[in-house]
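Notes follow once the structure below has been shown.
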Amino acid sequence: MIDLHCHMLPGVDDGSASEADSLEMGRIAARSGVTAIALTPHCNLPEGQGNYYDGALETRFRRLAMLFRQEGLPVTLYRGMEVFSTPELPRLLDEERLLTLGGSRYLLVEFYFDESAEFMEQCFRDIRHRGLVPVAAHPERYNAVQRDPARLEGWFRRGIVIQLNKGSVLGRLGRRAQDTALWLLEHGLAHAAASDAHRPTVRTTHMGLLRSTLADDFSPDCPRLLLDGNP
C-alpha cells in the first residue's frame with residue numbers, strides 16, 4: 001500500500017512530535033503492509049505555520065529517511081506537503097515554495113472546513129493553470145461537500161484527484177464525514193484513501209482495517225485501486 005497523506009515528519013506541525021514517534025509510525029505502517037509514504041507536513045496555515053520548502057525542511061526529510069534506512073524499515077519516504085489553500089496560493093506556486101507529492105505533478109491541497117465551493121474551484125483552476133493536478137485532501141470533511149456530495153462528479157470529470165481519509169471511512173471523524181465518504185465510494189468518486197496520520201497512538205499509520213473494510217464493503221478491486229494502483 002501507498003500512503004499519500006501522512007504527518008510523520010517530526011517537529012514541524014501537529015503531527016509527529018519526535019523522531020522516536022516517527023520511527024514508531026513507520027513500524028506500524030510497515031506491519032500493516034504499507035511500502036511507501038508521502039510525508040505531507042501542513043504548509044501555509046493561516047495561523048502562521050509556513051513550512052514552505054527550504055533547506056531546513058529538506059534536512060528534516062533527509063534525516064528521517066536516513067533513520068528509516070538505519071532501522072531497516074521497508075518503507076520508502078517521499079517528499080510532499082498538505083498545502084492550505086489561501087489567496088496566496090498562486091504566488092507561492094510561482095515562487096516554487098511548495099512541494100508536490102514525490103516530485104510529481106500532483107499537489108495535495110486542503111481548505112477550511114467551511115470554505116465555499118466557489119473558492120475551492122478557483123484554487124483548482126489556479127493549480128491546473130500551472131500544469132499541476134490538484135489532489136483534494138479529505139473533501140468528505142468539508143461542509144460544502146457534505147451538503148452536496150454530487151458536486152464531486154464535476155471535480156472527478158475535470159481530473160481533480162479525490163483523497164479520502166481512513167478515519168472518515170471508518171467513522172472516526174464524525175457521522176457526516178463517514179456518510180459523505182461512503183456515498184463517494186458507492187458512486188465511484190474517490191481516487192485514493194490515506195491515513196492522514198498524526199501520531200503513533202491516535203490517527204495512526206496502520207492501514208489494515210481500512211484495506212479490509214474497502215474489500216468487504218465494496219469490492220476486492222477497491223483497496224487495490226485506492227491504496228496502491230492510483231497512488
Residues (in a helix (DSSP H, G or I), more than 24 Å from E153 (Cβ to Cβ) and of a type in the set (G, A, S)) located in the stretch 89-142: G102, G103
Conditions (1) out of contact with any helix residue (DSSP H, G or I) (no Cβ under 6 Å at 6 or more places or on another chain); (2) closer than 17 Å to H5 by Cβ; (3) in a loop (DSSP other than H, G, I, E, B); number of the one not met by G188: (2)
Residues (touching a helix residue (DSSP H, G or I) at 6+ places or on another chain (Cβ under 7 Å) and at pLDDT below 95) located in the stretch 33-86: N51
Every residue from the stretch 203-231 that is open to solvent by 20 Å² or more (accessible area, probe 1.4 Å), within 18 Å of H7 (Cα to Cα) and of a type outside the set (V, I, T): R203, H206, P231
Matching residues, the stretch 13-25, being touching a Pro at 6+ places or on another chain (Cβ under 7 Å), open to solvent by 10 Å² or more (accessible area, probe 1.4 Å) and either assigned to a loop (DSSP other than H, G, I, E, B) or in contact (Cβ under 8 Å) with a residue 60 or more places away in the chain (or both): D13, A17, S18, D21, E24
The listed residue being modelled with pLDDT of 95 or more and over 18 Å from the mean Cα position of the chain (by Cα), out of L108, L93: L93
Residues being outside any helix (DSSP H, G or I), open to solvent by 60 Å² or more (accessible area, probe 1.4 Å) and farther than 18 Å from S116 by Cα - total across the stretch 143-160: 1
Matching entry among A181, A177, A193 (being at pLDDT 95 or above, surrounded by 18 or more Cβ atoms within 10 Å (Cβ to Cβ), closer than 20 Å to H42 by Cα and in contact with a helix residue (DSSP H, G or I) (Cβ under 7 Å, 6 or more places away or on another chain)): A193
Filtered residue count, the stretch 65-88, keeping only those that are open to solvent by less than 20 Å² (accessible area, probe 1.4 Å), in a strand (DSSP E or B) and β-branched (V, I, T): 1
Selection status of A56, open to solvent by 40 Å² or more (accessible area, probe 1.4 Å), free of Cβ contacts under 8 Å to residues at least 24 places away in the same chain, over 18 Å from the mean Cα position of the chain (by Cα) and under 22 Å from V202 (Cβ atoms): no
Pick from the stretch 94-142, criterion touching a strand residue (DSSP E or B) at 6+ places or on another chain (Cβ under 7 Å) and of a type in the set (D, E), ranking: most open to solvent (accessible area, probe 1.4 Å): E110
Selected residue (criterion: farthest from V12 (Cα to Cα)) from residues of the stretch 26-53 that are polar (S, T, N, Q) and open to solvent by 60 Å² or more (accessible area, probe 1.4 Å): T35
Where R62 falls short, out of the listed (1) open to solvent by 30 Å² or more (accessible area, probe 1.4 Å); (2) touching a residue at least 12 places away in the same chain (Cβ under 8 Å): (2)
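The values are calculated or read from the model by the stated rules, or taken from the named source; none is laboratory data. None of the values given here were measured: they were computed from a predicted structure. Ideal geometry is used to build each Cβ from the backbone, glycine not excepted, and the neighbour counts take in all protein chains shown. Each accessible area value is taken on the protein alone, full model and side chains, heavy atoms only, with ligands, DNA and RNA left out. Shrake-Rupley method; radii C 1.70, N 1.55, O 1.52, S 1.80 Å.
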